[in-house]
Amino acid sequence: MDLPFSPGGAPSGAGLAIAPSVTAPRCGVVDLGSNSVRLVVFEGRVRNPVPVFNEKAVLGLGRGLLSTGRLNEAAVEQALTVMCRYHAVARAMEADPVEVLATAAVRDAANGAEFVEALRARLGPEVPIRILTGEAEARLSAEGVLLGFPGANGVLADLGGGSLELAELVEGRAGRLASLPLGTLRLAERAGGEPARARAVARAELERVPWLKDAAGRDLYLVGGAWRALARMHIAQTAYPLMIVHHYVLPRDEARDLASVVTAATRRTLERMPGAPAKRVADLPFAAVVLRRLLRITGARRVVFSANGLREGWYAGLLPEAVRQADPLLAAGQDLALRFGRDPRLPEALFRWTAPLFEGERPSERALRAAACWVSDIGSHDHPDYRAEQAFLRVLRQPGVGLDHHARAFLALVVALRYEAEPDAPWLATSRTLLDAAAVRRAEMLGAALRLAYTLSGGTPALLAGTALVRRGGRLVLRLVEGSGVFAGESVVRRVEALGAAFGLETTVEVAAGE
């Protein structure tokens with residue numbers, strides 16, 4: 001049987017060359033941790049990291065470190081095998097640079113340097129292996145969090161298997177740093193496997209960091225797999241409508257109650273809890289102990305979960321400064337527009353065109369309107385019968401690290417309504433649940449405005465330039481330039497009236513002579 005593609009790479013009989021395998025530069029980082037080893041390959045150098053490969057192996061390199069002073073022997077052999085695979089994957093994906101970051105277990109173990117030399121022999125000199133100090137690990141984690149939370153203000157706590165890294169975050173900048181031997185594996189070993197005994201250990205260690213008390217009334221940003229597992233459990237148990245841990249927020253009291261329940265639960269109870277990951281069950285009580293003690297000592301007003309950490313901090317160091325300083329919300333919208341839209345010139349024209357409708361908007365509302373203009377055409381290549389729903393889900397679930405859950409819900413609702421989704425469509429429930437009444441109304445107003453804009457312009461800046469919206473007292477006026485290729489047909493009149501109804505305004509269409 002003939003294959004559809006020839007071994008040489010061209011379709012049989014077609015005479016067409018296959019495009020290059022990599023369309024954007026890739027880079028890879030291995031997080032060589034005390035509990036797990038993970039390779040992440042990122043694509044591009046953009047403001048919102050795009051991981052195109054993410055694989056973890058739970059090996060327990062740091063298991064038994066306290067009693068033996070050495071890396072776990074069985075885990076060392078497994079790690080060498082896994083690292084060879086990760087090296088092969090990164091090379092096949094043409095990632096450059098690739099770096100290995102070794103954390104608490106490797107830096108603290110008597111045989112850590114020996115293990116690193118064995119790794120170098122397997123991977124070759126082209127793969128740097130960096131053994132991070134505790135402070136360096138904390139700083140990289142802070143840079144990763146700040147990539148997703150540019151204005152973060154409070155304390156970052158990154159919980160691994162061997163250590164707890166802490167960083168003071170002051171209005172989007174990293175300040176004082178600390179590293180404590182409070183990782184879930186190490187804490188469990190120090191406490192003899194008893195969460196009740198772990199409380200005293202955690203309290204004594206955290207009291208060694210006096211500046212933690214300066215976080216009172218601010219936020220506690222949590223990084224690390226065990227804490228993400230706690231967030232997923234809470235999401236599952238409360239039927240929260242969006243299964244995205246990044247930017248998930250818990251008020252102080254809810255976070256404390258969650259930690260208390262998990263600390264006191266038996267292993268069998270934990271295994272039966274909705275959302276509890278089987279591989280993390282043993283770690284959960286010790287992660288909960290540390291969380292409860294952190295809440296007490298910091299006086300934080302709420303907990304904010306971050307999927308960003310060490311690996312994203314490493315990635316941030318590769319970005320040009322202009323990219324790194326870009327607004328992540330707008331960057332996320334622009335990335336979607338460039339990937340799925342038709343004309344990258346249109347969003348800015350839409351932003352100016354809709355401005356008369358939203359006089360007096362707050363800066364946060366203005367930023368959301370700008371982002372909505374960027375994502376407003378991302379369904380243009382989808383099947384028309386599913387365009388609204390597909391665009392809605394694409395925005396709601398897109399990987400931009402700078403989008404909190406409110407922004408996701410708002411932008412998704414706007415783009416769905418721009419594509420004429422039925423207002424009571426059941427799949428809109430996620431947005432309507434996450435947004436308050438005022439935000440829903442604003443999304444409906446902006447969606448109606450964008451729907452009219454696309455009807456007038458066909459998605460082109462040239463035709464949109466022949467139109468304008470004006471608010472005149474209690475009336476909304478659509479101005480059309482005669483001879484510009486735009487006219488007030490039935491669909492235009494209907495959508496002008498719908499827009500006026502959304503704002504509670506009477507409507508008029510005026511035709512002006514062209515220049």
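The values are calculated or read from the model by the stated rules, or taken from the named source; none is laboratory data. Every value quoted in this text rests on a predicted model; they were computed, and no experiment measured them. Please note: Cβ atoms are built from the backbone with ideal geometry, for glycine as well, and neighbour counts cover all protein chains shown. Quick note on the areas: whole protein, heavy atoms, side chains included, nothing else; ligands and nucleic acids left out. Shrake-Rupley method; radii C 1.70, N 1.55, O 1.52, S 1.80 Å.
Annotation note: Cβ proximity below 6 Å between a residue of the range 259-275 that is at positive phi and a residue that is open to solvent by less than 20 Å² (accessible area, probe 1.4 Å) (sequence gap 6+ or interchain) occurs for G275/M233. With respect to the stated conditions, A300 fails to be under 18 Å from F149 (Cβ atoms), at pLDDT below 95, open to solvent by less than 60 Å² (accessible area, probe 1.4 Å) and part of a loop (DSSP other than H, G, I, E, B). Which one is nearest to R394 (Cα to Cα) among residues in the range 230-246 that are crowded, with 19+ Cβ neighbours inside 10 Å and over 16 Å from the mean Cα position of the chain (by Cα)? Among them, the one singled out is I235. Within the range 139-175, the set of residues being farther than 22 Å from I297 by Cα and acidic (D, E) comprises E143 only.
Among the residues of the range 122-155, which ones are hydrophobic (A, V, I, L, M, F, W, C) and over 16 Å from the mean Cα position of the chain (by Cα)? Across the range 122-155, the qualifying residues are L123, V127, I129, I131, L132, A136, A138, L140, V155. V289 fulfils the conditions (1) β-branched (V, I, T); (2) over 27 Å from R218 (Cα atoms); (3) surrounded by 16 or more Cβ atoms within 10 Å (Cβ to Cβ) except for a single criterion, (2). Residues being buried (at least 20 other Cβ atoms within 10 Å of the Cβ) and either among the small types (G, A, S) or more than 21 Å from R197 (Cα to Cα) (or both): count how many of those fall in the range 247-272. Final tally of qualifying residues: 5. Scanning the range 236-279 for residues that are in contact with a strand residue (DSSP E or B) (Cβ under 9 Å, 6 or more places away or on another chain) and closer than 17 Å to T184 by Cβ, we see that the one that is modelled with the highest pLDDT is L258.
From the list A90, A109, which one is touching a Leu at 6+ places or on another chain (Cβ under 9 Å), open to solvent by less than 30 Å² (accessible area, probe 1.4 Å) and farther than 20 Å from A188 by Cβ? Checking each option against the conditions leaves just A90.
Per the conditions (1) open to solvent by less than 50 Å² (accessible area, probe 1.4 Å); (2) in contact (Cβ under 8 Å) with a residue 60 or more places away in the chain, the sole criterion not satisfied by L123 is (2).
Scan the range 473-515 for residues that are acidic (D, E) and outside any strand (DSSP E or B) and the total you get is 4. Under the condition of being of a type outside the set (F, W, Y) and either open to solvent by less than 10 Å² (accessible area, probe 1.4 Å) or in contact with a strand residue (DSSP E or B) (Cβ under 9 Å, 6 or more places away or on another chain) (or both), the residues counted in the range 197-216 number 9. Going through (1) at pLDDT below 95; (2) charged (D, E, K, R); (3) more than 22 Å from the chain's Cα centre (by Cα) one by one, R292 falls short only on (1).
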